[in-house]
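Structure, as structure tokens:
The numbers here are math on the coordinates, done by the rules we state, and not lab data. Not measured: the values here are computed from a predicted model. In this analysis, Cβ positions are derived from the backbone assuming ideal geometry, glycine residues included, and neighbour counts consider all displayed protein chains.
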Amino acid sequence: MFMVYALFIILVLVMLALDLGVFHREPHEVDIQEALSWTGLWVACALVFNILIYFIYEHQWLGIGSDLVFQKSGGKAALQFFLGYLLEKSLSLDNIFIIALIFTYFKVPLKYQHRVLFWGILGALVFRGAMIWAGTLLVQRFDWVYYPFGLLLLWTAVKMLIDRHDNLDPDKNIVIRWIKKKFSITSEFREDKFFIQSGGFWQPTPLFLALVMVETTDIIFAIDSIPAIFAVTHDPFIVFTSNVFAILGLRTLYFALAAILDKFRYMKMSLTFLLAYIGVKMMLIHHFPVPNLVSLAIIIGILSVGILASILGAQRDTAKLISPLADDLKNSLGWTYDGIYRLFVILMGITVLLTGIVMIILPGPAIIVIPLGLAILATEFAWARWLLKKFKENSKKIMKSVSKYTSRT
């Protein structure tokens, strides 16, 4: 199996070397026509590999698919790869919004942006490979890990719904703060260089800070997107390869969409529903598994609604519908941002708590999920704080009784 991964990684490195060393050796501004051409090429490569996945698993080339744990037909493997690729590609759209803000904040010239994205994505492949390896080990050894993964995706969906993208502040990034503390940053760009030598010391440029910001942002997004693909398959080869192909096309997709990001104003809502659906699917995977074909139809439907809403919304001057009772409702309910946030906290806490209670009957770590739900509700309700306190006290008593019993035996 090591040989299979090695061959795939060599193939990826060859493609990246051709990309940066041949076709993009000289820094230049990537126009929309070039970006669309490269985007189509990377998508075509992914689809060709998707076909290759069918034959690899159907005929068990190089021993892939012969393991009883991951044994499957070529058709099933190909469907899992395509679903994983589509899911990761969709979730990367939110990453593109953040990358655009990073480049705007650091005022990165357009002709240097491709270089930043190249090295940023190369680093992302390494970090995501490590995360996929760790996630695969967890999924294989602990069946209940799907529950916290599902809750993580639900929580991410809620955060995506209420958070704003236009409040980017790189100075809050721990890595950026450390670099600024340890090194003297150049005041301006030095062509496409990340470092320059000055007075016998290496000095980072603002281009390097942009690279670090892109890299750390991708790691944060990977924490959400990688658990999502485990709802489709826990085969590490399919998870890894679908992730890689989704990331490889991210650079050109950015240049194709960066100029028209404001036209996709409803896509964030679609991604929110997509994450919520995957979170629920993951939590029900042991009890009511959703077939991958059904998931494919749902994912395509969610994305189609977002794209169509964005296109149709951009073609008309929409006016907000104002309720004649809006002022009265606002005064009586206090319907402010804090009120909306409190509502989501309550809904999230109740969902987690009820899930934990259900786990008392069904398989799952109820002893972990119940206090988690109480902890979320404890931020708003005194009764939840009281119950959480009692839960901790009783847990300590039980642990003491167990330790005394084990010491006697």
Per DSSP, the loop-located trypsin sites (Lys or Arg not before Pro) within segment 69-112 having at most 12 other beta carbons within 10 Å are Lys107
Subtracting the Cα-Cα distance of Gln60 and Lys172 from 0.36 nm times their residue separation yields 35.5 nm
Would you kindly state how much longer the chain becomes between Lys397 and Glu188 on full extension, computed as 0.36 nm times their sequence separation minus their alpha carbon distance, in nm to one decimal? 69.1 nm
Quick check on my link table: of Lys281/Lys397; Lys159/Lys281; Lys89/Lys180; Lys111/Lys180; Lys72/Lys281, which ones sit more than 28 Å apart, alpha carbon to alpha carbon? Lys281/Lys397; Lys89/Lys180
Along segment 86-96, what does the Karplus equation 6.51 cos²θ - 1.76 cosθ + 1.60 (θ = phi - 60°) give for ³J(HN,Hα), rounded to whole Hz, x for Gly and Pro? 4, 5, 5, 5, 5, 5, 6, 4, 5, 5, 5
